[in-house]
């Protein structure tokens, strides 16, 4: 179990032993679900098969996402009422497990001590202490990644006899992350399918928006694209209308969050 200095737990890591074939079978089953409720019913035993006794999950929406701007969460250790209050109060912003996950690409079993320093954020420390109390046999954090910046994080509570995730076979942890990733990608797909269609910009509008995202002025963009400043302004008005925004910064964020802007255009 991690303590305030960031040390991890000790024990016997015998719980995480799922074979590669079994993990792939779970991922295939996850891919067939068609609703969030069905996904939950499949996800819970899938995670439990790795020796995990509890699961907490955060879906982190893309910055600027159109109609997809709310953090969503699931917890097997907290009531719906408690989880709703947690989200409504924005406590996820102080959650040190979420903050640590955003710095990771692989499973982790320690928290940066600065993230739980009560002098810096008392709420973060309170969340940390509560999570340790509800995960008596240790925990493992799993970062997951989705399309268009739709990332997420799992905090999984270890079952008895599966305390030392640090000493666990790296291959087994990779399988656990793979299954969590499959669950997250399916949830992302369900979220995206419920959203309005992504606004369609013309190639020229995408060019203009890409240069706006780089901080170029209308006159700069006009020179780069060999069009008049009035033409740039007209393109921007159409971009604002299509994206439902009113300024350059919001247009940039909406373009990134909607997945219509990417590195080659920015």
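Each reported figure results from applying straightforward, stated rules to the coordinates on display, with no laboratory input. These numbers were taken from a predicted model, which means no experiment stands behind them. Quick reminder, even Gly has a Cβ in these numbers, built from the backbone with ideal geometry, and neighbours come from all protein chains shown.
What to note about this one:
- For 35, 178, 228, order by how many other beta-carbon atoms lie within 10 Å, fewest first: 35, 228, 178
- Residues 139, 211 arranged by fewest to most Cβ contacts within 10 Å: 211, 139
- The Cα center of segment 75-122 and the Cα center of segment 31-57 differ in position by 20 Å.
- Helix 122-134 vs. the chain, principal-axis angle (Cα, 0 to 90°, nearest 10): 40
- Choice from 160, 81, 37 showing the highest fluctuation, given a GNM over the chain with Cα pairs closer than 10 Å: 81
- Restricting the calculation to Cα atoms, the chain shows an Rg/Rh of 1.06 when the hydrodynamic-style radius is the Kirkwood one.
- Note on the chain: GNM, Cα springs under 10 Å; of 135, 58, 78, the largest mean-square fluctuation is that of 78.
- Seen against the Cα atoms of the chain and their longest principal axis, helix 248-257 is set at about 50 degrees.
- The value of relative contact order for the chain, using C-alpha pairs under 8 Å at least six residues apart, is 26 percent.
- Principal-axis tilt of helix 170-193 within the chain, Cα atoms, nearest 10 degrees: 40
- Convex hull of Cα atoms in segment 97-192, direction-averaged projection (nm²): 6.8
- Stokes-Einstein, applied to the Kirkwood radius of segment 203-257 over Cα pairs at a viscosity of 1.002 mPa s and 20 °C, places its translational diffusion at 198 µm² s⁻¹.
- Residue with peak Gaussian network fluctuation, the chain [Cα springs, cutoff 10 Å], from 68, 207, 196: 196
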